[in-house]
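These notes concern the structure reproduced below.
Since every read-out is calculated from the coordinates, none of them should be taken as a lab result. Computed from a prediction, not measured in an experiment: that's the story for all the values here. We place every Cβ from the backbone using ideal geometry, glycine too, and count neighbours over all the protein chains shown.
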Amino acid sequence: MPLLTVKQVTSGYGDMEVLHDVSIEINPQEIVTIIGPNGAGKSTLMKTIFGLLKPKVGQILFTDHEISSLSPDRIVRLGMAYVPQVENVFPSLTVRENLEMGAFIRSDDFSDRVNEMFDLFPVLGRRGRQQVGKMSGGERQMVAMARALMLNPQLILLDEPSAALAPNLAVVIFEQIVAINETGVAILIVEQNAKQSLSLSDRGYVLASGRNRFTDTGESLLANEEIGQLYLGG
Amino acid sequence: MLVVENLSKSFGGLRAVDGCSFSVQDGTITGLIGPNGAGKTTVFNLLTGFFHPNAGKVLLQDEEITGLPPYRIFQKGIARTFQIPREFKEMTVMENLMLAPLAQSGERLLDPFFHPWRVRQQERSIAERAHEVLEFLGLQTLGDELAGNLSGGQKKLLELAKTMMVKPKLIMLDEPGAGVNRTLLKKLAESIKRLREEEGATFLLIEHDMDFVMRLCNPVIVMSEGKKLAEGKPDEVQHNEQVLEAYLGGQYAAIDG
Amino acid sequence: MTTLANIPQLLVYGIISGSIISLGGIGVSLTYSILGFSNFAHGDFMALGAYIALGLFTLFTGLGIPNVPFGPLSFGFGFALAFVLAIALTAIAVILIDRLLFRRLRRSGPIILMMSSIGVSLGLRNILQFFWSPQPHYYSQAIQPAVAIGILNVRIKPDEMFIIAIAIALVVLVHAFMRYTKMGKAMRAMADNATLAQVTGINTDRVIIWTWVIGAGLAATAGILAGIENKFITPQLGWQMLLSIFAGVVLGGIGNPYGAILGGMVIGISEEVSTAFISTGYKPAVAFVIMIIMLLVKPTGLLGRKD
Amino acid sequence: MEQFVGIMNYIVFFAITAGTYGILALGLNIQWGNTGLFNIGIAGFYALGAYTSALICGLPPSAWEGRTFGGFQLPFIVGLLGAAAVSGIVAIIVGAPTLRLRTDYLAIATIGIAETIRLVLNNESWLTNGVWGFQQIPSPLYKTIHGASSAYLNGHPNLPMWIHDLIARSYDWFYLALVLVVLFILYLIMERLVRSPWGRVIRAIREDEDATAMLGKHTFSYKMQALVLGAMIMGIGGSMYAHYARFISPVSFKPLYGTFIVWVMLILGGSGNNKGAILGSFAVWGIWAGTDFLTRYLPFSATQSASLRIILIAVLLEVILLWRPQGLLPPKKHLFTLK
């Protein structure tokens, strides 16, 4: 049974509809990438899944729960986490404090989990007491991902994790995404860097103009010539 | 017309625009494309005085306009639209348009009292121009509607209409096609073309709808990672390996081997 | 030269009044950074605290709870108990006001909230005036001798030492709370980015309640301390200090509680020292002038972030 | 009949005060209603207008007064214009450092200036006579009108009592007419301005200042113009008050009477709408006066009753904010029509 099911969702901002009739599924422990040209509605889809936008039509199911009318903090409790594309850290807090915020709803001792995160992101472990506002883009991205992982979510949504990162840093981030997945977390990525992201995905969806265009395994999509065309409108 | 030299801007360690240089020729519709985060909107904000560049120069017809405040840049002849329309919701479409023209006598506090005739006359000619613009864009029935009540696509047209009120040297459009349906999009493209032909306007536009860009723009400038990556005719750019790579994440090809 | 010789003494007065202004400023600053509006009712929260303490103290005296002064201080157990309970009750009252008004208006934006706070200010002050009249009420009528501390002829009363000590203790406590407790960190997180706080799963409504608890608690403390210093309280007590508090907050950098402490001290000291040179009546104007100069020189304030 | 005269007298008094508030509300409407400038120091500009006018038109200092300056005995109109000018200049001082910043700063600064003005009024006796204030401020044309009505009454000793009283009060009727004329002229000026291209710009600033700047408008300058214009109108309101009351002192300009009630008037009437501002002034002053009667029947002291009435005004403000933020008359949607 899929972990997350998005059924024929239509959504957008105000009277501007961005997504039309979009459906996707994510199985437990999968990595799924959504690619598509700018303006295809990828970020909108993520915001809709996470309760930041309400779908006008359609259904979203997560572990048997209908979540399309839940607020983000309720969805967090069900075991989903979200890393926005920008402004995804608390800059005036330290690295450790950012992680603690990720576990806000836990009242027990979660220092073990913090240490696990430091093992997963050794760079952060060395800088636990540093203010995140003074860190680089790649490091912030790691802080944001680690924060999202604090509650042991079953699914984590990453909105363009490599956007505006230097190439070598993006490689590191993608390696870490694989490492996270290996701990049993399903991952949904929205990406512009289609090649990199698809090559490590189990499956991929292609969105264009707010609609489903293709879906296939990561490898087959990579081999699909039409996709390159789609980006440049050929 | 417009020359951008080595423009740079960073936000808290993130170099959004990194030594970007390009130029816009008189009478062209120049397209500015590139993947998300390439720095296109930041370039727009730098050109229109919303942000101060950390380095670099902007010249409009050989005159340096780097770092001027937004209202001065508009007065120099650059008008822009926003990705998300910023219409004045509680004012009518006509009022939105009539706000745009520069150096209106009636905008000086005392003129409505001491030169009522001049103000009236100017208002008449501005209103006439506004009617022309509305007709040009096929919005003539909406003049008395509150701008907040327009549909998403109509708001986009209103943005364009506002820039038309002043006959600027350069019109910068930030994603004019986003959230606009096909029919309206065609109309928009037509309007831009006709504006160039009939009024000699120059355009610089950011757009993600590639059909739209390829049909309308020449040349096309591709940005990636805050820099200009390529420039050329639409079909050249379309078949440029580097460009395809940039969109699909090809900058890692080198690292992958 | 007699005026110059007075300056060390005035400095001490300045530190006392700066302590009270700072305690008020912390709350204004927290409300601004976490709830996003300038709360013009904050001064009246101070007065509310001072009057609740008065009411409780009167009640306790009636019940026969002893108030034998602690050592050289002007008050004893009865008043101290009233002090502590008043802090709690003020916080509860302010949370009720938030539920009744501010929470419902949060969607209407910061300016409507600001306007509503002006209404709350006016309403609260007149509720106090209704029950206690505009006339001053006294915490204690006893005259307390000031003691010389042996430096430059400076004299200070035991109560005033108590005020400074309480202010220092509370500032340290607030610092520790913000730095080391989960709720304190969540407050800083929400001040950074309220949407991200919600997405992260932080219970933002609880953060708001805690913001009021701290803001109102410190306001009540400041109000009561002002009463101890002046010996009397009036319903105007907080409103009269509001300009100094805001000046301190702006001076330190609006939205930064540490700035509010620093700014409050600077304002308190400047106001007192200015009396060596100009009429005492102009104290609040001194605060205003310092604030305007700061806005002209560096609008983000001494410790303000640039953004 | 005597009751009728009493009521008429009260209505005249009521209308003069409400009309003066209408002037203040029009001033606030140009600042807040149309431009979005948050001025909570109305009392300061109001006081400044009243004192300036008193200084210009009043009597020279007498031996038992603390003041040593002013009392030029100039005509009323000079006082009125002087009041407007001084209030306007002070508005520039407040606006210069704050209009580029978030609205909160202007709000804080206006409270500051009102407080500072109040301190000056209390402390600078040479100028203001301190807490005792100004007395015997001349009312315009008082001697002429009062003299004429007295002369008429002397010549007609057998008039019925109520007609006699009405004529004896003719100066109040004249002053009411004067207030209403000033109010009406200001209303016409404001209407013309709001409907002019200038008004279009300030309304645009209220909605979205950045977008207005992107259309080439120097928004700081427009905000300053609106702030100064509003302050000048408030100064005129102060002058009108001083010449009717004939006695002013710092307590006349407490924030309640000078600032808050004007805000409630504008918000109730409908900010952004000049008719609303005037309607709100009469309505709120009506409520205020009405509660004065009501509280007389309650078993409270005078000060308690006063507090109770203010609490009522505060509750009214919150109720409007919660349930009808647009006020009774929302701003007009179609200000522009071209025949």
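A compact table of results
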read-out	value
Estimated dipole of the protein assembly as shown in Debye, rounded to 20 [Cβ of Lys and Arg +1, of Asp and Glu -1, Cα centre]	2760
Kirkwood Rh, angstrom, the stretch D:260-335 [1 / mean 1/r, Cα pairs]	13.0
Translational diffusion coefficient (Stokes-Einstein; Kirkwood radius from C-alpha pairs) of the stretch B:89-149 at 4 °C, 1.567 mPa s, in µm²/s	106
For A:V57, residues with placed amide H under 5 Å, excluding near neighbours	A:T10
Rounded to the nearest 20 debye, dipole of the stretch B:89-149 from Cβ charges on Lys, Arg, Asp, Glu	240
Whole-number Å³ per residue for the convex hull built on Cα positions in the stretch D:16-255	128
5 Å-binned pair-distance histogram of the stretch C:229-307 (Cα, whole percent)	3, 17, 24, 23, 17, 10, 4, 2, 0
Partner chain coverage, peptide C:100-109 - average Cβ within 10 angstrom	2
Two-decimal log10 I(q)/I(0) for the stretch C:4-297, as the Debye equation yields it once each C-alpha is a single scatterer, q = 0.09, 0.10, 0.16 Å⁻¹	-0.43, -0.53, -1.33
The stretch D:43-142: radius of gyration and largest Cα-Cα distance (Dmax), Å	15.0, 49
Residue (of D:G230, D:I108, D:I248) at the positive-pole extreme of chain D, dipole from beta-carbon charges	D:G230
Alpha carbon centroid spacing (whole Å) that separates the stretch D:161-182 from the stretch A:111-177	80
Proxy reagent accessibility, fewest Cβ within 10 Å first, across C:Y139, D:Y152, B:Y71	D:Y152, B:Y71, C:Y139
Value of Rg to Rh for the stretch A:88-152 (Rh from inverse mean 1/r over Cα pairs, i.e. Kirkwood)	0.92
Largest-first ellipsoid semi-axes for the stretch B:1-138, taking √(5λ) over the Cα gyration tensor eigenvalues, angstrom	34, 17, 15
Taking N as its residue count, the alpha carbon Rg of the stretch C:159-254 over 2.2 N^0.38 Å	1.28
Helical contribution to [θ] at 222 nm, DSSP H n ≥ 4, -39,500 (n - 2.57), averaged over chain D, rounded to 500	-23500 deg cm²/dmol
Ranked by how many other beta carbons lie within 10 Å on average, peptides C:226-236, D:275-285, C:260-270 from highest	C:260-270, D:275-285, C:226-236
Equivalent ellipsoid semi-axes - Cα gyration tensor, the stretch C:48-107, angstrom	32, 11, 7
The stretch C:4-297: relative contact order as a whole-number percent, Cα under 8 Å and 6+ apart	38
Cα-only Debye scattering, the stretch A:182-234: base-10 log of I(q)/I(0) at q = 0.30, 0.32 Å⁻¹	-1.43, -1.53
Per principal axis, descending, Cα span of the stretch A:20-146 in whole Å	46, 36, 26
Cβ-based charge dipole, the protein assembly as shown, positive-most Cα from B:A100, C:F246, C:A47	C:A47
Reachable lysines, given that their alpha-carbon falls under 22 Å from the alpha-carbon of A:K54 and they are not under 8 places away in the same chain	A:K7, A:K42
Protection-proxy order for peptides A:143-155, A:209-221, C:20-32, A:22-34, each taking the mean of Cβ atoms within 10 Å per residue, highest first	C:20-32, A:143-155, A:22-34, A:209-221
Protection proxy ranking of B:106-114, B:87-95, C:210-218 - average other beta-carbon atoms within 10 Å, highest first	C:210-218, B:87-95, B:106-114
Scattering curve values for chain A, log₁₀ I(q)/I(0), Debye with Cα scatterers, q = 0.10, 0.11, 0.14 Å⁻¹	-0.44, -0.54, -0.88
Proximal aspartates and glutamates to B:K9, defined as alpha-carbon separation beneath 13 angstrom and excluding residues fewer than eight positions away on the same chain	B:D18, B:E225
Residue-averaged 222 nm ellipticity for chain C, from DSSP H runs of 4+ at -39500 (n - 2.57), nearest 500	-23500 deg cm²/dmol
Average other protein chain Cβ within 10 Å of Cβ, residues D:107-120	6
Residues A:E225, D:E115 arranged by fewest to most Cβ contacts within 10 Å	A:E225, D:E115
Cα-derived Rg to Rh of the stretch A:10-66, Kirkwood definition	0.96
Only Lys, Arg (+1) and Asp, Glu (-1) charged, at Cβ; chain D dipole about Cα centre in debye	740
Whole-number percent relative contact order across chain B, with pairs defined as alpha carbons under 8 Å at least 6 apart	27
Of B:M214, D:L141, C:I290, farthest towards positive along the dipole that unit charges on Lys, Arg, Asp, Glu beta carbons give the protein assembly as shown	D:L141
Per-residue mean of C-beta atoms belonging to partner chains within 10 Å, peptide D:41-47	0
Value of D in µm² per second that Stokes-Einstein yields for the protein assembly as shown, Kirkwood Rh from Cα pairs, at 25 °C (0.890 mPa s)	74
Span-rule helices in chain D, defined as complete DSSP H runs reaching 24 Å or more along the axis (Cα) with Kyte mean at least 0.0	D:2-28, D:76-98, D:103-123, D:170-195, D:219-245, D:274-296, D:302-323
Calculated P(r) tail over 31 Å for chain B, as whole % of Cα pairs	28
